[in-house]
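Structure first, commentary second.
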Amino acid sequence: MRSYVSAALILLSAHVTVAPRASAQPASYRALVQSYRELGGAETNALRAMSREAVAAAVDEAISGGSSWAWEDLRAAAMLHCEACVTATDKGSTCEFQIMQAERLLERTMRLSPRQEDFAWRWYHVMPRVLDSVGQKSLALGIETQAAQKWHLDMARAEYLQGLELESKGSHEPTALTAVGPNAYDKAGARATHFVRASELFTTALQRRPDLTVAALHLGRIRMLEDKNEQAAALFRSALTDVDPSVRYLAALFLGSLEEREGRFDAAEKLYRDAMQSMPYGQSAPLALSELLSRTGREAEARSALTARVLRMNAQVVEPFWAYGPDGDTATQFDLLRVEVWK
């Protein structure tokens with residue numbers, strides 16, 4: 001897990017963002033959003049340069065009932081406003097307005113595509129910590145309060161979050177290893193107790209909301225650690241359908257590792273390639289693919305897989321493993337939202 005301090009958020013965002021073009025910025029709000037989807041955070045200065053009246057009017061038009069804006073563009077516009085806040089020099093006079101526009105855009109996004117409720121929930125889960133890390137504590141508290149109000153009846157998500165905490169406690173519980181491999185995990189002590197309770201919560205969450213397949217990802221990981229590989233594989237296959245590309249990425253990697261362990265190398269290779277397609281900015285998938293290719297005597301292809309990853313997008317890395325669990329890296333969680341809206 002990477003180390004994280006609040007000041008690193010801006011530095012990481014600047015690293016992942018493609019450099020601004022030398023040409024003049026697009027004049028219209030819609031053109032800014034389209035350019036942002038294609039280039040990353042190159043349009044934040046142009047957005048902040050617009051008057052608040054012009055921005056509010058443009059957002060009004062974008063979210064109106066007769067608007068031609070697709071949900072993908074509305075979601076990207078929301079993240080553009082978030083970046084305009086996070087990268088602003090004077091955040092105190094910028095963030096509240098920009099975050100308000102992002103919320104309005106996300107509401108319209110969910111109305112057009114109900115499955116994007118998942119993206120909105122993740123946004124409301126991550127943004128309070130992002131805002132707190134850049135000194136916007138009052139605004140962070142306000143967003144956190146709104147999230148509690150919006151999802152206070154969603155027992156499945158509440159159980160999922162409780163399960164995450166217990167899974168994390170189990171993962172960090174010290175244990176004396178008496179063997180190697182999957183059977184090395186403590187099956188009777190505190191670690192097992194945390195995992196059992198987490199499993200119960202993830203199972204209940206899935207019963208309430210079968211579409212909450214991120215819970216299947218985490219339940220599958222616990223089953224894998226318990227050496228219940230058939231159950232784990234079924235859960236990972238379920239998570240491959242998740243709306244969040246990071247969940248699909250991790251599910252493909254976990255399932256690929258199980259397939260590779262059983263000697264089903266073709267299946268494992270396909271899953272690793274699927275993971276790379278779900279999250280092109282990750283580093284674990286190309287590494288896993290390269291190791292598999294090398295293991296099966298395809299050394300030239302193994303080197304090519306690593307070289308392609310290093311050269312792609314100037315070797316920028318946003319790895320979903322860094323954001324796994326309740327103590328995941330906040331900067332990475334924010335960056336995962338960003339790259340999800342890019343083309």
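All of the numbers you see were taken from the coordinates with simple rules; none came from a lab. As the structure is a computational prediction, the values presented were derived from the model and not from experiment. Every residue, glycine among them, receives a Cβ derived from its backbone with ideal geometry; neighbour counts consider all protein chains shown.
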query: Along the charge dipole of the chain, which of 304, 196, 324 sits closest to the positive end, that is, farthest toward it, with unit charges on the beta carbon of Lys, Arg, Asp and Glu (+1, +1, -1, -1)?
result: 304
field: Dipole magnitude of the chain about its Cα centre (Cβ charges: Lys, Arg +1; Asp, Glu -1), debye to nearest 20
entry: 240
task: Would you check the chain for Lys pairs whose C-alpha atoms are within less than 23 Å, ignoring same-chain pairs closer than 8 in sequence, and give me the count?
output: 7
query: Just 333, 207, 34 to compare: in a GNM of the chain, with alpha carbon springs under 10 Å, which one fluctuates most?
result: 207
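Quick one, can you get me the convex hull of the C-alpha atoms of the stretch 8-150 expressed as volume per residue in Å³? Intermediate results must be reported in sequence, preceding the final value.
Numbers: hull volume 15.7 nm³, N = 143.
Hull volume over Cα atoms, normalised by residue count, gives 110 Å³.
To the nearest 20 debye, what charge dipole does the stretch 50-201 have about its Cα centre, counting +1 at the Cβ of each Lys and Arg and -1 at the Cβ of each Asp and Glu? Could the numbers behind the result be given before it?
Values: 16 positive and 21 negative charges, 59 e Å.
Roughly 280 debye for the stretch 50-201.
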- prompt: If you build a Gaussian network model of the chain, linking Cα atoms that sit under 10 Å apart, which residue out of 305, 77, 251 swings the most?
  reply: 305
- prompt: Looking at [x] 65, 50, 38; [y] 67, 36, 35; [z] 67, 44, 41, which value of Cα extents along the principal axes in Å comes from a calculation on the structure shown?
  reply: [x]
